[in-house]
Each structure stands twice: as C-alpha cells, then as structure tokens.
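Encoded as structure tokens, the structure appears first; notes follow it.
What follows is calculated from the coordinates using simple rules that are stated; it is not laboratory data. Keep in mind the model is a prediction, meaning the values are calculated, not measured. All Cβ positions, glycine included, derive from the backbone under ideal geometry; neighbour counts span all protein chains shown.
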Amino acid sequence: MIQEPDWDMLKDPKIVENLFHLNGHYNIVSKLEPKTVEQLAAVLAIIRPAKRQLMYKEWNEIVKEVWIKPTDGSYFFKKSHAVAYAQAIVVQMNLIARAKYSFSANQD
C-alpha cells in the first residue's frame, strides 16, 4: 500500500474488469480517471445509485457532494468504507503490476 500504483492501469478495460468492486463499471472508471486513493474511493461511491449522477461532474464538484448522505434513503458508500475498498484495489493493482497476482484459478 505504500507504493503508489500505476494509475494508467485503470485505462485498460481488461484490468478494470478484474479489480474488486470496479468490474462491470469500466465506463465510469474511464470517464473519471482517478489518480489518487481519495478519487478512487469517490469512484466507488459514484458507482452506487445514490451518487451516479456525479459521474458527469468535474472533480472539484464531485468532492463537495460525494460524501453527503442522501436524504431519500438510497444506498450509498460511506467515505470510510469506500477508502478501505480503494486501498484494497491499490494493493491488487500493485500485485498485478509486479506479476504476483493472477486472474486464473489454474496453477502453472
């Protein structure tokens, strides 16, 4: 976790499809292009229905709104949970970059 990941890895749909919580959401990841753990956490929140509309805004607007609890009771990610998941994704990205993580269940 200490090592900053190669954020350009998130431009590869094959990699995104194999990352925790991001699989199936390449369109959002590629639009927002996160470059920090905080931004990646915000992407995780935006994937949820309550914050989906934020994907069309700029980062300065997103950070003002993404962690505000919805008043309609719709599902959203709390910041603490989103940051923890984002950190897990960073670890996964670093393992992939070092070729120490395999998408295959088959052993070589």
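Please tell me the relative contact order of the chain in percent, rounded to the nearest whole number, where contacts are Cα pairs under 8 Å and at least six residues apart. RCO, the chain: 31 percent. For LYS69, which lysines qualify as cross-link partners when the Cα separation must be under 16 Å and same-chain residues fewer than eight apart are set aside? Within reach: LYS51, LYS78, LYS79. Under a model in which nothing but the beta-carbon of Lys, Arg (+1) and Asp, Glu (-1) is charged, the range 7-97 shows a dipole of about 220 debye around its Cα centre. Name the long-range amide H neighbours of LEU19: under 5 Å, sequence gap of 5 or more, or other chain; modelled H, no Pro or chain starts. Long-range HN contacts for LEU19: none found.
Peptide packing: for 42-54, 12-24, 79-91, the average count of neighbouring Cβ atoms within 10 Å per residue gives the ranking 42-54, 79-91, 12-24, highest mean first. Projecting the Cα atoms of LEU40, ALA97, ILE62 onto the charge dipole of the range 7-97 (Cβ charges, centred on the Cα centre) puts ILE62 farthest toward the positive pole. Listed values for the range 46-51 are Karplus-derived 3J(HN,Hα) couplings in whole Hz (6.51 cos²θ - 1.76 cosθ + 1.60, θ = phi - 60°), namely 5, 4, 6, x, 5, 10, and x replaces Gly and Pro.
Ranked by the mean number of other Cβ atoms within 10 Å per residue, highest first, peptides 30-37, 67-74 order as 30-37, 67-74.
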